[in-house]
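Colleague: Have a look at this one.
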Amino acid sequence: MPLVKTSLWRVLPWVYLSLLIALAVLLVVLLVASQVVGVEFNAESLEHRTFVVWRIPFTGVAFSPVFREETQSSPLGQFLREKQWWNTGQTAGSSGWLVAREISVRGDAAADADLLRTLLQSDRDTEQEWIRWSREHPDRAAQFWPAVASQVGKDRYLLLPDLFALALEKGDGPADWDERFRAWQRQANLP
């Protein structure tokens, strides 16, 4: 009997250490698997920010607060508001922040709002290009941006790529733009 007790006491610390290591590895795997990172987009101000939250995998139940990075300002949003070309019709009391994209163990999920964010803010140069385009085509921009804002206010993001493509098409003149813009409005069932 004494021989069995002695060998058990020699093995027992190794068993505890193995369990402790397995528990630590499991905890690290759970933390990595439960992390969700993403981008929030404000359609009224055209600003965006990133966030991190930890959720129980595959449930959506958060077990941590949401950590957000500083909001990235939008020179394009400021320019459009100064020109009074941007009003989505959102109320002043609403926060306006929408989850545009999330990346987790389940994969990369993009919401409709990410479509507008991508069209406008793939990088700072893109925003500057839209400002430049708006200054070069003020008559077209005065119709284009309110139409975009109207679609955003109605959560009709899927109509935007065609409208953006239309804005960048080369035409013979203003009448050409007006005709194509009216055709887009008819297609989108707009007044």
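FYI, it's all coordinate maths here, none of it is from the lab. Bear in mind that the values here come from a model prediction, so they are computed numbers and not experimental data. Methodologically, a virtual Cβ is constructed for each residue, glycine included, from the backbone with ideal geometry; neighbour enumeration extends over all protein chains shown.
Colleague: Name all residues of the stretch 130-167 having a backbone nitrogen under 16 Å from the label point set 7 Å from the Cα of LYS83 along its Cα→Cβ direction, giving them as ranges.
Modeller: Of the residues in the stretch 130-167, 130-150, 164-167 have backbone N under 16 Å from the label point off LYS83.
Colleague: If you build the convex hull over the alpha carbons only and average its shadow over all orientations, what do you get for the stretch 130-191? Give it in nm² to one decimal.
Modeller: Details: hull surface 16.2 nm².
Its average projected convex-hull area is 4.0 nm².
Colleague: P(r) of the chain in 10 Å steps, Cα pairs, percent per bin?
Modeller: 8, 27, 24, 14, 9, 6, 5, 4, 2, 1, 0
Colleague: Sticking with this one: Distances longer than 14 Å among the Cα atoms of the stretch 119-165: what percent of all pairs is that? Could you put the intermediate results ahead of the total?
Modeller: Working: 592 of 1081 pairs.
Roughly 55 percent, once rounded to a whole number.
Colleague: Quick one: plug the Kirkwood hydrodynamic radius of the stretch 20-103 (C-alpha pairs) into Stokes-Einstein at 20 °C, 1.002 mPa s, and report D in µm²/s. Don't jump to the answer; show the numbers that get you there.
Modeller: On the way: Rh = 15.1 Å.
In µm²/s, the coefficient rounds to 142.
Colleague: Ignoring GluC sites (Glu not before Pro) that are buried or in helix or strand per DSSP, and keeping those with at most 10 other beta carbon atoms within 10 Å, what is the longest stretch of the chain between them? Mind showing how you got there, number by number?
Modeller: Numbers: sites that count: GLU70, GLU169.
Value returned for the longest uninterrupted segment is 71-168.
Colleague: So, one more: Using alpha-carbon positions, what is the distance between the centroids of the stretch 130-191 and the stretch 23-40, in Å?
Modeller: Using only Cα atoms to place each centre, the spacing works out to 43 Å.
Colleague: I've got another one for you. Could you grab the relative contact order for the chain? Cα pairs under 8 Å, six or more apart, rounded to a whole percent. Don't skip to the answer; put the middle values down first.
Modeller: Details: 214 pairs, mean separation 33.1, N = 191.
Once normalised by length, the contact order is 17 percent.
Colleague: I'd like the chymotrypsin sites (Phe, Trp or Tyr not before Pro) in the stretch 52-113 restricted to DSSP loop residues with at most 16 other Cβ atoms within 10 Å, sorted by number. Don't jump to the answer; show the numbers that get you there.
Modeller: Working: sites: TRP54, PHE58, PHE63, PHE67, PHE79, TRP85, TRP86, TRP97; in loops: PHE58, PHE63, TRP85, TRP86.
Counting only loop positions with at most 16 other Cβ atoms within 10 Å, the chymotrypsin sites (Phe, Trp or Tyr not before Pro) in the stretch 52-113 are PHE58, PHE63.
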